[in-house]
Structure formats: structure tokens, C-alpha cells
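Report on the following structure.
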Amino acid sequence: MRQSHLFTKTRKEAPADETSISAKLLIRAGFVFKEQAGVYSMLPLGVLVQNKIVAIVRQAMNAIGGQEVAMTSLQDPELWKTTDRWDDAKVDNWFKTKLKNDTEIGLAFTHEEALTRIMRNYVGSYRDLPKFVYQFQTKFRNELRAKSGLLRGREFLMKDLYSFTKDTADLEAFYERAAAAYTQIYATVGLGEVTHRTFASGGVFSKFSDEFQVVCDSGEDTIYLSSKGGMAVNKEVYTDDILAELGLQKSDMREVRAIEVGNIFKLGTKYSAPLGLTYTDEHGTAKPVVMGSYGIGVGRLLATIIEVHADDHGMIWPAAVAPFPVHLVRLGDDPKVSAAADNLVAALAKRGIEVLDDDREMSPGQKFTDSDLIGIPTRVVVSAKTLAAKKLEVKDRATGAVEMMTTPQLLKRLKA
């Protein structure tokens with residue numbers, strides 16, 4: 001992609017109404033556009049990163065047997081009244097509206113009820129189980145305090161997976177497989193060392209849950225980390241009884257701030273029983289299906305990566321989720337520089353390596369500043385100086401290290 005073709009532009013100043021590092025940098029770098037509090041549009045560079053995250057999550061969900069669907073946002077109140085989750089006094093983050101005939105409908109904040117109704121048409125026997133179904137879909141939550149950019153939005157992309165099993169034993173087995181898949185996802189996107197599985201409340205979904213929390217000073221959650229084994233407990237359930245149940249000692253726990261980047265719930269028969277999702281077992285007895293749900297907010301995960309991986313100059317994207325692996329910076333208007341840069345782009349493309357090609361008519365200082373802000377892992381400079389040396393100037397965005405190397409050396413590094 002030629003940078004001169006991007007309709008977006010970088011900004012020098014951070015927006016005054018944003019408090020989070022990620023929101024400031026994403027807006028300044030032209031990855032997102034703020035429509036209103038808690039509502040952001042993804043721009044071209046943001047879409048590229050979001051798609052990388054989606055691909056990583058999709059691969060992990062497919063690997064544990066997930067089947068992908070695409071469900072509707074518009075929800076029938078009668079379905080949700082059956083499980084007592086339509087009443088605003090019980091669930092306070094609904095967005096509700098009315099059709100022209102005055103029929104009330106809602107915009108889904110989750111999909112347990114909707115998918116349970118679908119599965120009622122396809123599950124009848126124990127032979128139909130287990131099944132694991134997921135989607136990537138826009139969710140709507142009427143947050144009272146939509147703040148911190150993509151970390152707490154009113155409209156956002158979520159991956160939600162639901163498990164349907166015969167009994168608690170099968171649920172437990174899949175639950176641990178899902179937890180392991182989540183751990184691998186966070187490692188892949190560059191958050192492995194700072195992400196902790198955390199015992200927490202289940203909110204409106206279940207009594208308890210497991211959250212995946214990223215230790216970060218800007219986080220709005222408080223968790224307690226164990227110095228022995230890396231276990232963690234959310235402050236909202238941090239009691240002596242819970243610690244005893246988990247085999248933890250207060251003397252081993254330390255308080256930290258964190259950002260929740262995923263959660264998993266053991267739903268049991270909370271939704272299947274009232275909605276009539278049953279199966280016939282080996283002896284011909286009808287039993288309710290046992291369920292679980294597993295969520296990852298894609299936008300929040302994207303923002304969290306920046307909260308962890310950024311410096312005073314801008315974002316530092318981990319390689320797996322960077323919009324491009326290489327940011328090529330052309331300096332000067334010498335035809336030989338242009339030809340060398342074009343040849344390099346072709347050589348990289350031949351090996352499947354995509355490039356953000358800064359061909360804009362700007363000063364070197366402006367280009368380098370923008371490159372640091374955008375945060376692509378590898379910056380390659382082609383200039384009269386590099387041509388004279390018969391090498392390329394290569395900068396590692398994460399370490400700041402600059403090396404002069406040949407094109408074959410660059411290709412070998414990028415392949416590694």
C-alpha cells in the first residue's frame with residue numbers, strides 16, 4: 001500500500017477528550033475515528049490490525065472444534081423474557097428500540113438465548129453432542145461510562161463461542177480446552193507474559209467465571225496475583241472463603257491494576273432449561289443440555305496491545321498483529337531511489353511480505369515521526385545515502401536498533 005494513497009492522515013496532537021494511551025495513539029495515527037463516546041469507526045490501518053486479530057482467534061476456535069456462524073443483532077423480547085434478562089432492572093445495558101408498528105426489539109449484548117433457540121432445532125439426541133458454535137459479531141452495550149476509547153465501548157466487535165454438552169464433565173473438559181486456547185491467543189498477539197487467568201464473578205451469566213486479565217497500570221480492574229503459580233483473583237470476589245477454596249494465601253498475593261481481555265463462563269442449564277434445549281440420553285431420558293460461553297472483545301484486545309506496547313513516540317505493534325510487517329520510507333526524489341524502492345517492494349511481494357510504502361513528499365523528519373507513531377515492526381529506509389553504501393537502513397521499532405544490511409540480509413531477517 002502506497003502511503004500517499006491512504007485517505008487518512010496522522011495528527012500531531014492527541015484528542016483532548018481521550019484519556020487512554022491507546023485511544024490517543026490510534027486516533028493520532030489514523031487507525032480509528034471517534035464517532036461519539038464509546039463508538040469508533042475502524043479506518044484502513046485499523047481494519048488490517050483487527051483482521052489479523054480475528055484470524056488468530058478464528059484459527060484457535062477452529063482448532064478446538066468451533067463452527068462459525070453469523071447471527072442477528074436484532075432480538076425478540078419474548079425470548080429474553082423467558083430467561084428473565086429483558087427487564088432493565090435485571091440487565092441494565094440493553095439498547096432497545098421500536099419498529100414502526102410499535103413492537104419493541106433489542107440490540108444484542110450477548111447471544112446465549114438466541115443461539116440456544118437455534119440449537120433447539122438441531123439437538124435431539126446425545127449423538128448430536130457435543131457442539132461448539134462461535135461468531136464474530138457487533139455487540140451493543142448501553143454503558144453508563146463509555147470511556148478509555150476501545151477499552152469500554154457501546155458498540156464493539158466480539159468473538160463469542162458457546163458450548164453444548166451432555167453433562168458437567170464434558171463441560172469441564174471443553175472449558176479447559178477453551179482456556180488453553182485463550183492463553184495461546186494472548187501469547188500470539190504479544191500479551192502472553194502479562195496475561196493471567198483470573199477467578200471472578202460471573203455477572204449476569206453465572207455465579208463465577210474465569211477472566212483473562214492483562215496487568216497494566218491503565219487498567220480499570222483490580223486483581224490480586226499469587227506469587228506462587230501465577231493464579232489471580234478479581235477484587236470483586238477477593239474473600240477469605242474464595243482464597244481458601246482456591247488454595248491461596250493472602251500473604252502470597254499482591255494487588256495490581258489490569259485490563260480484562262476475555263472471559264469464560266460455566267452456564268450449566270441456566271439457559272437451556274427455560275428455553276427447552278434438551279436431548280435424549282442413551283436410556284431414552286430427556287435431559288437439559290449443559291452450556292458454557294466464552295468471549296473475547298476484539299476491539300478491547302486491540303487497544304490493550306497498545307496500552308502494553310507503546311512508548312513516547314507511538315505504537316509498537318507485535319509482528320503477528322501489525323498492519324504491515326515492513327514500513328518502507330523513501331527519502332528524496334532521485335529517480336534511482338524510486339527505482340531501488342520499487343525493486344525492493346517487488347522483491348518483498350514475491351515472498352508474500354506486504355509493505356506500507358511511504359512515497360509521500362515530506363521531509364525525512366516528518367516521515368520518521370509518522371513511522372514511529374504508526375509502529376510497524378520493521379522500518380526500511382531507501383535513500384541516496386543507502387544506495388551509495390549498497391545497503392538498506394533497517395530499524396527495529398521495538399528495540400530502536402538501527403542496522404545497515406543488504407536486501408538478502410533483510411529478507412532473511414524478515415523470514416526469521
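Miscellaneous remarks
- The packing ranking, built from the mean of other Cβ atoms within 10 Å per residue, places the peptides 243-250, 310-317 in the order 310-317, 243-250, highest first.
- Qualifying chymotrypsin sites (Phe, Trp or Tyr not before Pro) in the range 31-89, DSSP loop, other Cβ atoms within 10 Å at most 14: none
- Cross-link partners of Lys266 among lysines (Cα-Cα below 18 Å; sequence separation of 8 or more within a chain): Lys131, Lys159, Lys166, Lys207, Lys287
- Each Lys and Arg Cβ is given +1 and each Asp and Glu Cβ -1; about its Cα centre, the range 326-415 then shows a dipole of about 500 debye.
- Quotient of the Cα radius of gyration of the range 3-311 and 2.2 N^0.38 Å, N being its number of residues: 1.04.
- Evaluated over the range 32-129, the count of Lys pairs having alpha-carbon atoms less than 25 Å apart is 7 (only pairs 8 or more residues apart or interchain).
- Counting neighbouring beta carbons within 10 Å and listing from fewest to most, the residues Thr82, Thr195 come out as Thr82, Thr195.
- For the chain, the mean residue ellipticity at 222 nm estimated from helices alone is -9000 deg cm²/dmol, where every DSSP H run of n ≥ 4 contributes -39500 (n - 2.57) and the total is divided by all residues, rounded to the nearest 500.
- Candidates Leu107, Leu344, Leu144: whichever shows maximal mean-square fluctuation once the chain is modelled as a Gaussian network with Cα springs under 10 Å: Leu144
- Residue order, fewest to most beta carbons within 10 Å, for Arg351, Arg413, Arg141: Arg351, Arg413, Arg141
- Trypsin sites (Lys or Arg not before Pro) restricted to DSSP loop in the range 1-62 with at most 12 other C-beta within 10 Å: Lys9, Lys12
- Farthest towards the positive end of the charge dipole of the chain, among the residues Thr97, Ile353, Pro274, is the Cα of Ile353, using unit charges on the Cβ of Lys, Arg, Asp and Glu.
- GNM flexibility winner over the chain from Val133, Val402, Val189 (Cα, springs under 10 Å): Val402
- Rounded, prolate or oblate (a/c below 1.5 giving rounded, otherwise prolate when a/b exceeds b/c) for the range 326-415 by Cα gyration tensor: rounded
- Rounded to the nearest 5, the antiparallel percentage of DSSP beta bridges internal to the chain is 80%.
- Total lysine pairs whose alpha carbons fall under 18 Å of each other in the range 326-415 (8 or more apart, or interchain): 12
- Each Lys or Arg adds one and each Asp or Glu takes one away; over the other residues whose Cβ falls under 11 Å from the Cβ of Lys166, this sums to -2.
- Rounded FRET efficiency, nearest 0.05, which uses the C-beta distance separating Ile242 from Glu282 and R0 of 41 Å: 0.65
- Magnitude of the charge dipole, the chain, Cβ model with Lys/Arg +1 and Asp/Glu -1, debye to 20: 1220
- Cα Rg, Dmax (largest Cα-Cα span) when computed across the range 245-331, Å: 22.8, 76
- Selected from Ala384, Ala178, Ala232 as most flexible by GNM, with the chain as the system and alpha-carbon contacts under 10 Å: Ala384
Taken together, the values in this text are just the output of simple stated rules run on the coordinates, not laboratory data. Since the structure is predicted, the reported quantities are computational estimates derived from the model, not experimental observations. Please note: Cβ atoms are built from the backbone with ideal geometry, for glycine as well, and neighbour counts cover all protein chains shown.
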